[in-house]
Structure formats: structure tokens, C-alpha cells
Amino acid sequence: MKIQMRHCLLIILFLISISSSLSGQSFKGKVISREHKLAVQEVEITNSNGEKVDVSDYNGLFSLKSTGSYTFDKPGYISKTISIQGAKFVLIEMDEKPFDLAEVIIKSSHFQSELKEISAAISVISESQINSNDGINIAPILNSVPGVYMHNGALNTNRITIRGIGSRNLFGTSKIRAYYEDIPLTNGSGETTIEDIELQGIARMEILKGPSSSLYGAGLGGSIQLIADKGLFDTQSIQTAYTFGSYGLQKFWINTNLGNKTNAAKLTYSNTHSDGYRENNELDRQTITLASNHYLNEKNNLNVLANFINLKAYIPSSLNETDYINNPTKAAFTWGQSKGFEDYSKFLLGLSWQHEYNEKSKQISSVFANLLDSYEARPFNILEQGTNAIGVRTRFIQKTELWHKDFQWTAGLEFFNDLNLLKTYENLYQDYPPGTGSIQGSLLSDFKEKRSYFNLFMEAKYHMSPKFLIDFGLNLNQTAYTLDDNFNQGSDDFSGDYRFDAILSPKIGLTYQLDQKSMIFASVSHGFSPPKLEETLLPDGLINNNIQPETGWNYEIGSRGKVIKNIFNYEISLYLMNIDNLLVARRTGDDQFIGVNAGNTIHKGLEIALNYFLINKKQVQLSHSNSFSLNNYTFEEFQDLDDDYSGNDLTGVPDKTFFSQLHLNTSFGIYAFLNYQYIGEIPLRDDNSIYADSYQLVNLKTGFKKGFGNHFQLDAQIGINNIFDEKYASMLLINAGSFGNNAPRYYYPGTPLNYYASLNFKYSF
């Protein structure tokens, strides 16, 4: 008994000594945002007695002298109280407050600046907004942003425009740069595909509107930053969901979150199938996404992102007006007969390392690779394409003082090589019985194109006073390509190379803080967009040496903040953009085009976003979000052969858009999203002889989300899209030609009333 008592005393003394040593130990940590894992500075830390003990620095770092309960608080973020019992390094994840974005960190800025310091129009799409739709189609999400319009022909057939830029691209998205974290989704030919990325792998989107060349190089329209969901720290969970709906829609996804104190990783698999609303419209897509974040120590952070996509989608193409009105489910005749489709696999890999030299300086470096293996059967030929790209992006960031005022600067470079292998073959579907589909015939062309893309950039911002900030940037871009003709010989050999003149793109911006809640901004920026691959080739395969990049200047003023007792969160911007060397796709045959520089355009617009809470109580929150854009896009000077279209409306973009959404959330689990979308009329031809009608869409999603115990969570959802069964064109083919006795095919019919339902289960270990 005495021996046992002695042992107990020894254990108690040991525990007391540990407790004493811990209480006297200094603990370091870092505050980051939950959505994009960026450092959050100026977070006030108080102990259980309400005493302020520290404030996070420029890199989000803090230090505590003892264990205990601490509260972390910063405007724009939800306060968080945690108990720290001892660790070498502590990570604190904080959630952003809805509609309170002034203090929120923006990743699209080189400085990861707070939104109140940004001198350009940026729209932030939160995780909640991403989840407000069916989880299948990204178009309704992007179309909620003022100044942005996404044509949506099918899940794999899209075209994004920002402030009218990209509207004249016939197929796919160009003149807009996009990144998935630090991996470019824009290839060397300037084409961007973001619809491939699984929505379950995205935590947030940031859209920078207007020329972003001083930041990212090529991109007259702006840039789209997709922020990966890297999972939660100190959490282990598994989540799965099954969705089914109209037109054979089925989707299954599963993810697992593995996180400890300093490492977080999320692995997501998805499988989507749809028969489609139209003939020849079936789609199958599988994705695997790995996103992880590793804090090696307080100075070093490593991000890993890997994404694999496998897709096969049949293509119904566009219809003429008669078929669009009377038989919208049919496929275009030649596409239906050939059973046209695209089949590809795509792999993205990126590694990003951040090193903080000290409290004032850090370096962020990324390496990335992009692989594509594609086969596309089209009525006029079959395209076989293989692409691989590898590149690096690095920048050094320094915070210092200039004349006793805060001064930050960054300098860096981005470089990647793009190797594109293209072969075309005859499509012999007409030589076989109806229903056979595409049959590969003889080789028609065999090209190897190499593109190099190089950016040198610098940016700085200077706090001239506590309220007045000036920022300026400069980008030097060099783009070149080489074409090897492996099919033709001798005088028919179209091999060659071309190097665009180096382009210098400056930007200057001003912000002024009116008060603690509101600010105004103004900026002038230059941008450019090089021609796409198809635009650099003439119909006979020869390199088009006469074509030049589009260039333009953007002038913008705006304001963002809170008004009327801080109830209404707003952003408003006015802009004027002049575009020179307008690239025009001149039709030369059925679905065949060449690129020419044919004129100038003027883009004028007003964009407004307004968000507020109708009810904001603990049990019930009802928010109302609105966005509006009014556009005036015209050809200032446009001469295409013998036709003069100067003064006409720019084709392919609506004159106005409006979006409104009600979001209900309750503490007892019921939630709902009700949104309304208005799209104005869209010119279909350069001569403005035909316009697509305006249309309105209403969508509803409701569900029940509830936790059971400490481990299990259920989320059941149902949704209805296009409640009032509006007939509309979801995508348009501008300047469609007439061949033979066939009427022009302008219209991709939008999906009528449709539904979906989903069951989502989550288990936390």
C-alpha cells in the first residue's frame, strides 16, 4: 500500500512538472483562412480573462506564452475560441463572414491583399454560392457575377465572356486566363477550359474583371482563379453523395479528408453520367482530385495539387431557327449522322512552395505540368491531339518602408512550354450505313506546334497615407511558336516559326478609404491576347504571319463597402475599354474559319453587386444577393472584306444581365436557394440583322442538413431548374453561314424544366 501511494505521488509530481513546464512554454502558431489557407494578419488574440496577448503579423504568425483558452477575432471573420494545450506549432483556421468581404484576403493579388486595398473589380464566389446549384454545371454560378456571361451549349461545350471579351470566339473560351491554384488552365494557344474541374474540389472562385496582363500576362478579359479545397486540419472524415435527375443524370462522388495539426489533404473521386436533353448528347466524366497543404514548419509551406479528368461527350451542335423552335431535341444533321464526339484524358499536377525568410519577406514558387490526350470526331474531319506543357512561376515579395510609409513590392517570372501534336483524318461516315457513326480515314495533316510563353512581372503598392494607397504593375511578355509539318514535303511543307513582338503591359491603381466600411478605387490597365492556334493557321496549313495580338486599355472607377447602418454590402464599377487589332473568325467552310485582324471595339459598362441580410438571427438567416450589368459594346471600326460594320453592336454578348438570389439557412437544418436570372438580347450577326431573344430563368434548391451525434451528418437535397419551362438559347454560334440550301445554325437550345435530387453522407472519425 505504501509502495502504491509512493507511485501515485511520483505520478502526480511528474504531471505537475509537465504542467508547469507547459505553462511556462512559449507556443507559436499561424492564423489562416479556412477557404484558401492564406495568412490572416492583424488577428487580435485574447485570453480567457479578455486580455489582449498578441496580434498576428504580416505572415499570420503569433506567439503565446502559456496554454489555455484563447479567442481569435478580426473584422470580416467569425470569431473563434479554442483551447491550446501544447504543441510545437498551432494552425488556426478562420471562416469568413458572409457579405463582409472588406477584410477578406484575395488570392488573385500578388500580395494576397485585403479586398479593401484592391484597385480593380473583383468578384468573390464563396463556397456557399458554389453549393447553391446542382453541383453539375458551373455556368449558373459564373452567370451570377456582373459582367460575366457563360454560353452553355452542353456540359462540355461552353464559352466564357468577361465584359464582352471572348464573345467572338466561336468554340471554347479564349482571351481569359484561368488558374487552378498555381496551375494554368489556359494553354499556350490561349484556350481555357474550367468546366472540367470537379465542383466538389473547389472551395472558392475569384474573378478579376478587365485586363489582368500586369499580373498574369495574356488575358484581355481578365482572370479566373479557382481555389482548391485542400481539406481541414486536425480532421479525419469521409463524405459521399449520389445525385440523380432528369435526362438520365447520375453522379456519384466520394472524398476523404485526412488532417493533423500541420497537414491537410482531401482526395475526391467523381463519376458523372447524363443522357442529355438532345440527341447525340450523352456524357460520361470521371475525375480524381488531390489537394493538400503541408506546414513543414513556421517558415515553409508546401501545396500539392493533382487532377485527372477522363471525358467522353457526344456533340449535338447548333440548330437553325426552325429546328430550334419546333424540334429542339434533335442534333444538327451532320453531327447526328456522324455521331460526333470528343474523348479525352487530361492530367494536371502542381507543386507550390512558400518560404518566409522573415516577417517582411517571402518567396512563392510553383512548378506545374499539364497533359492532354484527345480524340474528336467531327463531320468535316477527325482531330487527334496530344498536348503537354511544363512550366514554373515564382515571385519574391518584400514588405518595407519608404519615406516612413508602408511599401510592398514583388517581382517574378512565369514560363512554360506548350507542345501540341495535331493530326487530322478523313471522316468516312457518309460511306457507311446510317447509324454507323464516324469512321477514321486517310491522314489529312500532321503538325507539331511548340509554343513558349514567358512573363516578367513586377508590382508594388505604397500607402501614401492611412487612407490613400497607390499600386502599379508592369509585365513583359514574349510569346513564340514553331510549326513542324510532318505530312507535306518539299514546296508544300508549311513548317515555320513566328515570334510576336514583346508586349509591355502597365497598370496603375488608386484606392481611398472613405471610412472604416467604404472605399473608392480607380485604375488604368493595359492588356493583350495572342491569337489561338486555329487563328495562326491559314486553311492550307500555312502559318499566318500577318496576324497580331489583340491589345487594349481599360479605364475604371468604382467603390465597395457597406452603407445604411452597415446593412448593405455593395460593389459598383464603371469602365471603358478600347480594343485594337480585333481578331475576327472569318468562315471559309462548314465549321472552318481563319483569323484576321479586322478592327477596333469599344466596351462601356456599369456593374453593381448588392448583398444584405433580410433576417440575421441565430436560428434563421435570410440573405438577398443581387447583381446587375448594363453593357454598351460596339464596333468602333470594323471592316471585313467589303463589309463595314462600324458602329454596330458587338456580337455574342448580352446588352444587360440581372441576377437575384434568396438564401435561407436555419439552425434546425432546413435551407433553400431561390435564384432568378435575366439575360438580355444578343446580336447574332455583325450586321445586327438578327438578335437572340432575351430570357429569364428561375431555379430552386432546398434541403435538410443535420448532424447526428458527434460523427454523422446527413444532407438531403432536391432542386428544380428552369421552373417556368422557359424556351431559350443557352449558347449561340455567331455569324453562322449558309451552305447549300441549309439555313444558318445559330442556336443551342437550353434545357427545359428539369429536376435533381441528392443524398449526402459524412462521417467524421
| task | Please specify each residue of the range 507-528 satisfying the condition of being over 27 Å from the mean Cα position of the chain (by Cα) and part of a strand (DSSP E or B). | result | Y512, Q513
| said: Taking the conditions exactly as written (without any contact (Cβ under 8 Å) to a residue 12 or more places away in the chain and assigned by TED's automatic domain parsing to the domain that holds N581), does Y691 satisfy them or not? | reply: yes
| Within the range 278-300, can one find any residue that is in a strand (DSSP E or B), more than 30 Å from E359 (Cα to Cα), assigned by TED's automatic domain parsing to the domain that holds L753 and among the small types (G, A, S)? | no
| request: Could you please let me know if D501 is within 18 Å of G527 (Cα to Cα) and at pLDDT 90 or above? | output: no
| field | Pick from the range 201-232, criterion surrounded by fewer than 22 Cβ atoms within 10 Å (Cβ to Cβ) and more than 10 Å from the chain's Cα centre (by Cα), ranking: nearest to I92 (Cα to Cα) | value | L232
| message | Regarding the range 344-364, can at least one residue be identified that is β-branched (V, I, T), surrounded by fewer than 19 Cβ atoms within 10 Å (Cβ to Cβ) and over 23 Å from L444 (Cα atoms)? | response | no
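Each row is one residue, and each column tells you yes or no for (1) assigned to a loop (DSSP other than H, G, I, E, B); (2) in the same structural domain as F396 (by TED's automatic domain parsing); (3) buried (at least 24 other Cβ atoms within 10 Å of the Cβ); (4) without any contact (Cβ under 8 Å) to a residue 60 or more places away in the chain.
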site	(1), (2), (3), (4)
K107	yes, no, no, no
V124	no, no, no, no
V145	yes, no, yes, no
Y149	no, no, yes, no
I194	yes, no, no, yes
I197	yes, no, no, no
| field | Verdict on S119 being part of a loop (DSSP other than H, G, I, E, B), crowded, with 23+ Cβ neighbours inside 10 Å, in contact (Cβ under 8 Å) with a residue 12 or more places away in the chain and in contact with a helix residue (DSSP H, G or I) (Cβ under 8 Å, 6 or more places away or on another chain) | value | no
| field | Restricting the range 265-276 to residues that are in a strand (DSSP E or B) and touching a residue at least 40 places away in the same chain (Cβ under 8 Å), the residue that is surrounded by the most Cβ atoms within 10 Å (Cβ to Cβ) | value | K266
| field | Tally, over the range 603-625, of residues that are among the basic types (K, R) and more than 28 Å from G166 (Cα to Cα) | value | 2
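Each row is one residue, and each column tells you yes or no for (1) in contact with a Leu (Cβ under 9 Å, 6 or more places away or on another chain); (2) within 23 Å of E35 (Cβ to Cβ).
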{"site": "R168", "(1), (2)": "yes, no"}
{"site": "A178", "(1), (2)": "yes, yes"}
{"site": "E198", "(1), (2)": "no, yes"}
{"site": "E206", "(1), (2)": "yes, yes"}
{"site": "L215", "(1), (2)": "yes, yes"}
{"site": "Q250", "(1), (2)": "no, no"}
{"site": "K261", "(1), (2)": "yes, yes"}
| said: Anything in the range 400-452 that is within 14 Å of Q337 (Cα to Cα) and surrounded by 15 or more Cβ atoms within 10 Å (Cβ to Cβ)? List them, or say none. | reply: N427, L428, Y429, G437, S438, I439
| task | Please find, among L606, L662, L610, L697, the residue that is surrounded by fewer than 16 Cβ atoms within 10 Å (Cβ to Cβ) and part of a strand (DSSP E or B). | result | L662
| query | Out of the residues in the range 613-658 that are of a type in the set (G, A, S) and surrounded by 15 or more Cβ atoms within 10 Å (Cβ to Cβ), which is farthest from L684 (Cα to Cα)? | reply | S623
| request: Output yes when any residue across the range 6-28 is at negative phi and modelled with pLDDT of 70 or more, and no when none is. | output: yes
| said: So if I check each of Y678, Y755, Y746, which one is at pLDDT below 95, at negative phi, part of a strand (DSSP E or B) and not small (G, A, S)? | reply: Y746
| Flag for E35 being surrounded by 17 or more Cβ atoms within 10 Å (Cβ to Cβ), at negative phi, in contact (Cβ under 8 Å) with a residue 40 or more places away in the chain and in contact with a helix residue (DSSP H, G or I) (Cβ under 7 Å, 6 or more places away or on another chain) | yes
| query | Limited to the range 245-261, what total is found for residues that are within 27 Å of the chain's Cα centre (by Cα) and more than 30 Å from N281 (Cα to Cα)? | reply | 4
| said: Being buried (at least 17 other Cβ atoms within 10 Å of the Cβ) and over 26 Å from R393 (Cα atoms) is the filter here; which residues of the range 464-495 pass it? | reply: L469, D485, F494
| message | I'd like to verify a number: residues in the range 151-185 that are hydroxyl-bearing (S, T, Y) and assigned to a loop (DSSP other than H, G, I, E, B), how many? | response | 1
| Among (1) under 30 Å from E401 (Cβ atoms); (2) in a strand (DSSP E or B), which single condition is E359 missing? | (2)
| query | Of (1) under 25 Å from F635 (Cα atoms); (2) touching a helix residue (DSSP H, G or I) at 6+ places or on another chain (Cβ under 7 Å), A743 satisfies all except one. Which? | reply | (1)
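The values are calculated or read from the model by the stated rules, or taken from the named source; none is laboratory data. The structure presented is a predicted model; accordingly, all values stated were derived computationally and were not measured. Here the Cβ is made from the backbone with ideal geometry for all residues, glycine too, and neighbour counts use every protein chain on show.
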